[in-house]
1. Which residues, taken from the range 27-82, are open to solvent by 10 Å² or more (accessible area, probe 1.4 Å), in a helix (DSSP H, G or I) and either without any contact (Cβ under 8 Å) to a residue 24 or more places away in the chain or over 16 Å from residue 132 (Cα atoms) (or both)?
2. Give the range 1-26 a look and list any residue that's free of Cβ contacts under 8 Å to residues at least 24 places away in the same chain and under 25 Å from residue 133 (Cα atoms), or say none.
3. Condition (residue is aromatic (Phe, Trp, Tyr), touching a Lys or Arg at 6+ places or on another chain (Cβ under 6 Å) and within 22 Å of residue 96 (Cα to Cα)) applied to the range 46-68: is it met by at least one residue?
4. Pick from 39, 48: which is more than 11 Å from the chain's Cα centre (by Cα), of a type in the set (A, V, I, L, M) and either under 18 Å from residue 144 (Cβ atoms) or at pLDDT below 95 (or both)?
5. List the number of the failed condition for residue 86; all other conditions in (1) farther than 24 Å from residue 1 by Cα; (2) at pLDDT below 95; (3) assigned to a loop (DSSP other than H, G, I, E, B) hold.
6. Tell me whether the range 107-127 contains one or more residues that are buried (at least 18 other Cβ atoms within 10 Å of the Cβ), at pLDDT 90 or above, outside any loop (DSSP other than H, G, I, E, B) and of a type in the set (Lys, Arg).
7. Any idea which of 67, 72 is under 16 Å from the mean Cα position of the chain (by Cα) and at pLDDT 90 or above?
8. Return the only residue of 129, 99 being more than 15 Å from residue 45 (Cβ to Cβ) and without any contact (Cβ under 8 Å) to a residue 24 or more places away in the chain.
Amino acid sequence: MYQITTEQPGDGPEIEQLLDQAFGADRRQRTTYRLREGVPSLAELCFVLRGARLLCASIRYWPIMIAGRQPALLLGPVAVGQAWRGRNLGKTLIRHSLARAKVLGHDAVLLVGDADYYRPFGFSAALTANLSLPGPVDPGRFQGCELAPGALAGLSGPVGPAAERILAKPAQTL
């Protein structure tokens with residue numbers, strides 16, 4: 001059976017291997033990496049999935065700002081090891097982490113990824129139509145998800161890295 005846990009500092013090397021395997025060693029050249037430079041990931045939203053003590057999959061989130069004033073989250077990367085693909089492990093991590101982000105009070109999540117894969121989680125390119133990233137990206141792959149209704153409505157402008165850590169609103173009770 002698989003177990004989701006919060007990413008631990010010692011998981012870094014295994015996650016980096018997983019990311020290289022999933023996206024290639026040149027992955028750091030992609031536009032989304034510009035949003036991650038110099039900003040730590042949000043530890044409370046970075047998870048790994050293990051099976052028989054082996055790290056099978058990971059997901060990370062990063063703080064970003066929309067138009068320099070609206071905090072949001074950047075989802076990604078999500079990676080599943082070659083031996084565990086086709087078992088919905090990535091989807092399990094996405095569901096788990098989005099639910100946790102909502103409980104923590106985050107309002108919106110952006111990502112660059114396959115529209116068909118992310119649509120069932122509430123992501124849509126229509127929500128990012130008036131936003132821009134700091135580099136080239138296929139507009140159909142740049143998507144947003146509102147964890148709070150209307151969180152992305154009417155927003156326009158550039159998306160950039162958060163100058164400092166985004167503090168979520170006080171945790172909601174379930």
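1. Of everything in the range 27-82, those that are open to solvent by 10 Å² or more (accessible area, probe 1.4 Å), in a helix (DSSP H, G or I) and either without any contact (Cβ under 8 Å) to a residue 24 or more places away in the chain or over 16 Å from residue 132 (Cα atoms) (or both) turn out to be 28, 29, 33, 43, 44, 82.
2. 16, 20, 24, 25, 26
3. From the range 46-68, those aromatic (Phe, Trp, Tyr) are 47, 61-62; that's our starting set.
Those left that are additionally touching a Lys or Arg at 6+ places or on another chain (Cβ under 6 Å): 62.
Retained after the next criterion (residues that are within 22 Å of residue 96 (Cα to Cα)): 62.
So far as the range 46-68 goes, yes, one or more of its residues are aromatic (Phe, Trp, Tyr), touching a Lys or Arg at 6+ places or on another chain (Cβ under 6 Å) and within 22 Å of residue 96 (Cα to Cα).
4. 39
5. Unmet condition: (1).
6. no
7. Working: 67 fails: under 16 Å from the mean Cα position of the chain (by Cα).
Testing whether each residue is under 16 Å from the mean Cα position of the chain (by Cα) and at pLDDT 90 or above leaves just 72.
8. On the way: 99 fails: more than 15 Å from residue 45 (Cβ to Cβ).
Among 129, 99, only 129 is more than 15 Å from residue 45 (Cβ to Cβ) and without any contact (Cβ under 8 Å) to a residue 24 or more places away in the chain.
The values are calculated or read from the model by the stated rules, or taken from the named source; none is laboratory data. Everything numeric here is computed off the predicted structure, so don't read it as measured data. Methodologically, a virtual Cβ is constructed for each residue, glycine included, from the backbone with ideal geometry; neighbour enumeration extends over all protein chains shown. Note: accessible area is taken over every heavy atom of the protein model, side chains too, but ligands, DNA and RNA are not part of it. Shrake-Rupley method; radii C 1.70, N 1.55, O 1.52, S 1.80 Å.
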